[in-house]
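**Student:** Handing you a structure now.
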Amino acid sequence: MRTSRPAPIAPIAALVACMILASQTPPLAAQAAPAGQSYGEQVEVNVINVEVYVTDAGGRPVNDLRRGDFTLLEDGKPMQIVNFDAVDRTAAVSAPVPAPAAPVTEPGTAPAAAPALAANDPLHLVIFVDNTHIAAGHRTRALRQIRDFLAGLTAGDEVMLATYDPGLHVRLPFTADRPALTRALDALEKVAANSGEDSRSRRFALQRILDIQEKAAVRLQRGSEKDDPDEEGSSQEEDPLCPLEIAEPVKTYAQEARQEVLRSVTGLTVLVNSLSGLPGRKALLHVSDGLSVTPGEELFQALAEMCGGGGAHSGVQSTDSRLLGVRAYQASQAMLDAQGFSTAKQWSDLAAHASAQRVTLYTLQATGLEGGASSASDMGPEDRLLQISSVANVEKENRRGSLTALASGTGGRAIFDANNLATDMARIQDDLGHYYSLGYTPPHTGDGRDHKIVVKVERPGVRVRHRQIYRDKPPLERVVDRTLAALFLGTGDNPLGVTLELGQTAPGGAGSIVPIRILIPLATLGLSLHGTNYDGKVRVFVATQSAAGGNSSVRQMEVPLHIPMENSQATMMQSYLYEVKLQLPPGEHRVAVGVRDDVTTLASYLTQKVQVGGGAAK
């Protein structure tokens, strides 16, 4: 048997692998399989399902539409709707409307015979709380009302609770156990929320701006008393208000805030990736106080007011920097500098990515309808500066922009200015329980590209929402997604009968070398005769996650199989052992393994917990 050299795995540390045959008696059914038999390739009908939400001018669901009322386009081209279902998940049975007996398809498009499955389409709902961008009081108010919403879900719907604080943490895996979910929500209310850190950083930046301006004003006053203001080279020219360095505290704050926003985007992206490996519909309720599309833009706007003369009424030293030329920071430059910290593209990309993975995002700004500002006598100069209408509006729209982008880009809803969430949550419940499922067969399979979807309804006065993009995933990308789902969500499937074992650990680097032994029964694999060998190929996918939330990327290793014809029947009664050596730091880890047979296209997904340190790994 040949030994292959797999590609190394980098993120958590080095990974090496080796393969041998392990003697193992297979199940009786496997013994009966003829040696070398090819099991054939599974043929999957590629039907793309699109959930469509149709409401009237008052926001009420429109439930009386039929197949002929809809037009569906992919990349601008009309597609034949082969599956149609007006879904009412609150009813005991949802009767699908059958596809026409002989549908007319686009040239080169294979007709789909798959039945409409929307009535049995499972729903996986994630409650995702961004603890780095939410105040504890806002979170408590939102979670207590979310409990009422969860009580109205269909009995079989599964819900997961996840947080970002920082790092992605699954507080409760998918479950239909409502009491367990209530307990997890109760526990989450006791977890620290970190939104105060951003407020402190912003206040510190504001204070530095005001200190710089105040020192410039003092120098200017001293110079005006000492020098002749008409004399060339006087202090008025050397020390203007709004000196160039006044923008530095804002830039420092904006850069740090931007990095934190991007980390939140990354955590949400990883979660969306793991959800994409689940079957059926996926919905995610994102709960936060809002994340700025352009972090620090409100402070740049405050600079524009100060250096454009508009901040004087707030009690802050202001000037019209246009009169001072290049010696002063220009108000017009402030908003140009702000755009250098924009994350608009990242939010747009995340929405498109979630849409492509069939994940609908609902966003809830937990701040609710906030009260008016305190009186001027109760506020310091930095507070009054933030209360200037142009500054306050920039901050408000910034925090809404990210949540709007996520919801509108995936066909979901965004909730703002609501202390009582009952009405808005009822609308989300309508979405989850009543929708139209449209299925079509695209003229391509697994091309790895994103495709734009447009759905139109031939009825005036209605509003149509749906996901706007889907990704036609190649088979190996689907395996990566399922491996991530196993890693984060604990989901698995094992048609190949693979088993995992921990080998003997050894010291290595800052942690330990932990062998993961992957045993694959040969009788379950598809092998074909080539010369004097039975040949096949499997691919092994591995990813790891630490208890702190850090995770590696999914790495793939290609494993060719060459079984000599001589004694092949005896060989087929054994398992193929592929050993992966992971270098892991001390602590608890989860290892996810995907194994795909390239001949049969069957794949298994398993997880193993590993404790490193305090003795042998286990």
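**Student:** Once you have the Cα-Cα distance between MET335 and GLU256, take 0.36 nm times their residue separation minus that, and quote the gain in nm to one decimal. Intermediate results must be reported in sequence, preceding the final value.
**Tutor:** Details: separation 79, 0.36 × 79 = 28.44 nm, distance 1.79 nm.
Result: 26.7 nm gained on full extension.
**Student:** Which order do MET160, MET335, MET306 fall in if you start with the one that has the fewest other Cβ atoms within 10 Å? Walk me through the numbers before you get to the answer.
**Tutor:** Working: MET160 23, MET335 15, MET306 28.
Ranked by crowding around the Cβ, least crowded first: MET335, MET160, MET306.
**Student:** What order, most packed first, do the peptides 441-450, 338-347 have when packing is the mean number of other Cβ atoms within 10 Å of each residue? Don't skip to the answer; put the middle values down first.
**Tutor:** Working: 441-450: 15.6, 338-347: 17.5.
Result, highest mean first: 338-347, 441-450.
**Student:** Right, here's the next one. Return the distance in nm (one decimal) between the two label points of a simple spin-label model at ARG327 and ASP417, each offset 7 Å from Cα along Cα→Cβ.
**Tutor:** 4.6
**Student:** For a protection proxy built on the mean count of beta-carbon atoms within 10 angstrom, sort 387-393, 128-134 highest first, please.
**Tutor:** Sorting 387-393, 128-134 by mean packing, highest first, produces 128-134, 387-393.
**Student:** Gap in Å between the Cα centre of segment 388-405 and the Cα centre of segment 324-370?
**Tutor:** Cα centroid to Cα centroid, the span is 9 Å.
**Student:** While we're here: Could you tell me which of rounded, prolate or oblate describes segment 250-306, using a ≥ b ≥ c as the square roots of the eigenvalues of the alpha-carbon gyration tensor, with rounded for a/c under 1.5 and, failing that, prolate when a/b is larger than b/c and oblate otherwise? Before the final figure, lay out each step's value.
**Tutor:** Numbers: a/c = 5.16, a/b = 2.83, b/c = 1.83.
Prolate, because a/c is 1.5 or more and a/b exceeds b/c.
**Student:** Moving to a separate point now. Rounded, prolate or oblate for segment 411-461? Axes are the square roots of the Cα gyration tensor eigenvalues, ordered a ≥ b ≥ c, and the cut-off for rounded is a/c under 1.5.
**Tutor:** On the way: a/c = 2.75, a/b = 2.04, b/c = 1.35.
It is prolate, given that a/c is not under 1.5 and a/b is the larger ratio.
**Student:** Can you tell me which lysines have their Cα less than 16 Å from the Cα of LYS473? Leave out same-chain residues fewer than eight positions away.
**Tutor:** Leaving aside lysines fewer than 8 places away in the same chain, those within reach of LYS473 are LYS452.
**Student:** Contour minus end-to-end for GLU566 and ARG178, with contour as 0.36 nm per residue of separation and end-to-end as the Cα-Cα distance? Kindly include the intermediate steps, with their values, before the conclusion.
**Tutor:** Details: separation 388, 0.36 × 388 = 139.68 nm, distance 5.72 nm.
Roughly 134.0 nm would be gained on extension.
**Student:** Find which of ALA547, HIS562, LEU519 sits farthest along the positive direction of the dipole of segment 494-588, computed with +1 on the beta-carbon of Lys and Arg, -1 on that of Asp and Glu, about the Cα centre.
**Tutor:** Farthest towards the positive end: ALA547.
**Student:** Ranked highest first by the average count of other Cβ atoms within 10 Å around their residues, in what order do 55-67, 577-589, 454-466 fall?
**Tutor:** Working: 55-67: 12.4, 577-589: 19.5, 454-466: 14.2.
Those peptides, ordered most packed to least, come out 577-589, 454-466, 55-67.
Coordinate-derived values only; no laboratory data. Just so it is clear, the structure is predicted and the values come from calculations on it, not from any experiment. Every residue, glycine among them, receives a Cβ derived from its backbone with ideal geometry; neighbour counts consider all protein chains shown.
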